[in-house]
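**Q** Here's a structure for you.
The values are calculated or read from the model by the stated rules, or taken from the named source; none is laboratory data. Predicted model only: the values in this text are computed from it and were never measured. FYI the Cβ positions are ideal-geometry reconstructions off the backbone, even for glycines, and counts take in every protein chain you see. For the accessible areas, the whole protein counts, side chains as well, though only heavy atoms, and no ligand, DNA or RNA atoms are used. Shrake-Rupley method; radii C 1.70, N 1.55, O 1.52, S 1.80 Å.
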Amino acid sequence: MDNAIYVGLSRQMILERELDITANNLSNVDTVGFKFESMISNDDPVTMPTLGQPPTAVNFVAGVGVARDFTQGSLTQTGAAFDVAIDGRGFFQINTANGPRYTRDGRFRMDASGQIVDQDGDPVDGAGVVDPKKGPVTISPNGVVSQSGQNTGKIAVYNFDSLAALSKDGNNQYRNDSNLTPTAAPNAQVRQGFLEQSNVEPIRQITRLIEINRAYDAIASMMSTTADLSNASIQRLGAVNPS
Amino acid sequence: MQALRTAATGMAAQQLNVEVISNNIANMNTVGFKRQSAVFEDLLYQTYEQPGAQSSDSGNVVPTGVQIGAGVKAGSVYRITGQGALTNTGNALDLAINGQGYFQVLMPDGTTAYTRAGNLSANNQGQIVTADGYLVQPTISLPANTTNITISQTGQVQATIGGANAPTVVGQIQLATFLNDAGLDAIGNNLFDESAASGPATAGNPGAPGYGMVMQGYTEASNVDPVSEITNLIVAQRAYEMNSKVVTTADQMLSTATQTKT
């Protein structure tokens, strides 16, 4: 009998987690290169010993993982020379003090020495050093950085065989926690003067929000019905003169 | 409930976005103004289950892990230094820079500030000053009975004095460039200070490699594009609404939880 309440509780806990994820998606609806996430939950069968009857399985709800949808976000034109977006699969590699980080956020800039760096001042892998005196910098679709007819670097785009290897690190960056080695992504194109928008689809997230809310409600009412049942049985069975 | 706080970060970010957009729209007609854009980054992630962790003794591996983000923060508000349109004013001391560079302005405290606003004029001593009366560097003095001023595209200032037939060279306009002019520190009044991010200023004559030309009789309009600003405003407002919807949902769920029968 109590199982129903605990099964309900396991579902509610997962729903709260889903709400947290949906809230994070919606707060990042305007974050450059953001990829939305969703909760994967699964049934978690636990076999309960029952007196005098064959054991029955009770299915609790368990969170399995968070799925990340790496669908391409739309590209918007900014016109800035050091804004680049990746069209296709792949990531820019940023060489930070804590090791390489991967990102689809291509808001780069020049630092005081002319090196192409990200917003935190960490160098972009392969981008090289340009001379601010030599005029405009062009970045070709295959990532080659050139200035007044001279190649000064090639912005590298890497991909992973399994994107599940990446953990999010905040600051629009991913960390490679596995032993997978990134490989060059030949089909990805680099677009100068564009930024990739977040791929969060607001309608889907708002719908999910309503679903979560209703599911939570439904579980709450199921739990309250269960409580009523046990209440009723206590009153009936425990009455001195059962009617 | 993390969701309440996450949504609050989203609302705060969109509020900042609206502030930046409103500043752009307010400066739509400011000479030499460069539009700004707020860019966001996701906040830290709380890891409940590490991706790649083992889920059983037999070596099964959690494929994705459980990481839940804590919302969003403003990554940067950066200036888009693209060229603004040149507006013909016909005024002899209106200068627009077509290309890279900033005019150098001597501030009252002795420091040098930089500006793209070329609506210059002469002060009571004949010196070329900005709209606020600050001296343009290097100082150029116009002789008392100047009848005509010509400024070439390379910044040479020539004055026709009195009834003279040929103009006299009275000075040379110089421009300053920066490694990273998006990193300049805006101090208001269309002025910028150099910062660690911008790198030091390098002065040079207009038209030299890496420097823009000066155009006499023109001013540079702001590079604000009203259509894209209004579009951004709509996006910001809707994003704000969606985050407030998360707050409502989290609140309703908390209310459901507190009303559960015990």
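**Q** At a 1.4 Å probe, which residues in the range A:134-165 are at least 20 Å² less accessible with all protein chains present than in their chain isolated?
**A** Relative to the lone chain, where solvent access is computed with a 1.4 Å probe, the range A:134-165 loses at least 20 Å² at A:ALA164.
**Q** Let me confirm one metric for peptide B:254-260, namely the mean number of other chain beta-carbon atoms within 10 Å of its residues' beta-carbons.
**A** 4
**Q** Per residue of A:82-88, how many C-beta atoms from partner chains lie within 10 Å of its own C-beta, taken as a mean? Don't jump to the answer; show the numbers that get you there.
**A** Values: counts 3, 4, 0, 0, 0, 0, 0.
Neighbouring Cβ atoms belonging to other protein chains average 1 per residue here.
**Q** If we sort A:106-115, A:223-232, A:92-101 on the protection proxy, mean other Cβ atoms within 10 Å, highest first, what's the order? Walk me through the numbers before you get to the answer.
**A** On the way: A:106-115: 20.4, A:223-232: 14.0, A:92-101: 16.9.
Packing order, densest peptide first, comes out as A:106-115, A:92-101, A:223-232.
**Q** Let me ask something additional. What's the average, rounded to a whole number, of partner chain beta-carbon atoms within 10 Å of each residue's beta-carbon in A:28-41?
**A** For peptide A:28-41, the averaged partner shielding equals 5.
**Q** For helix B:226-259, what angle does its Cα long axis make with the longest principal axis of chain B, in degrees from 0 to 90 and rounded to 10?
**A** 20
**Q** Ranked from highest to lowest mean number of other Cβ atoms within 10 Å per residue, what is the order of the peptides B:159-172, A:182-195, A:21-34, B:79-92?
**A** Highest-to-lowest ranking by the protection proxy: A:21-34, A:182-195, B:79-92, B:159-172.
**Q** Next question, about the same structure. Does anyone have the angle between helix B:2-26 and the longest principal axis of chain B? Alpha-carbon axes, 0 to 90°, nearest 10?
**A** Result, in degrees: 20.
**Q** Related question: How tilted is helix A:2-27 with respect to the longest principal axis of chain A? Cα atoms for both, answer in degrees (0 to 90, nearest 10).
**A** Tilt of helix A:2-27: around 20 degrees.
**Q** Percent of accessible area on chain B owned by carbon and sulfur, 1.4 Å probe?
**A** Numbers: 6120 of 11910 Å².
Within chain B, the accessible surface is 51 percent carbon and sulfur.
**Q** Then there's this: With respect to the cross-link table entries A:LYS168/B:LYS34; A:LYS35/A:LYS154; B:LYS34/B:LYS73; B:LYS34/B:LYS245; A:LYS154/B:LYS73, which display a Cα-Cα separation exceeding 28 Å?
**A** Details: A:LYS168/B:LYS34 34 Å; A:LYS35/A:LYS154 25 Å; B:LYS34/B:LYS73 23 Å; B:LYS34/B:LYS245 34 Å; A:LYS154/B:LYS73 30 Å.
Flagged as over cut-off: A:LYS168/B:LYS34; B:LYS34/B:LYS245; A:LYS154/B:LYS73.
**Q** Rounded to the nearest 0.05, what FRET efficiency is calculated for B:ILE25 and A:ASP228 with R0 set to 60 Å and r the Cβ-Cβ distance? Intermediate values should be presented prior to the final figure.
**A** On the way: r = 58 Å, r/R0 = 0.97.
Rounded to the nearest 0.05, the efficiency is 0.55.
**Q** Among B:108-119, A:37-48, how do they line up from the highest to the lowest mean number of other beta-carbon atoms within 10 Å?
**A** Output ranking for B:108-119, A:37-48: B:108-119, A:37-48.
**Q** Pop out the carbon and sulfur fraction of the accessible area of chain A as a percent, whole number, probe 1.4 Å.
**A** Of all accessible area on chain A, carbon and sulfur atoms account for 53 percent.
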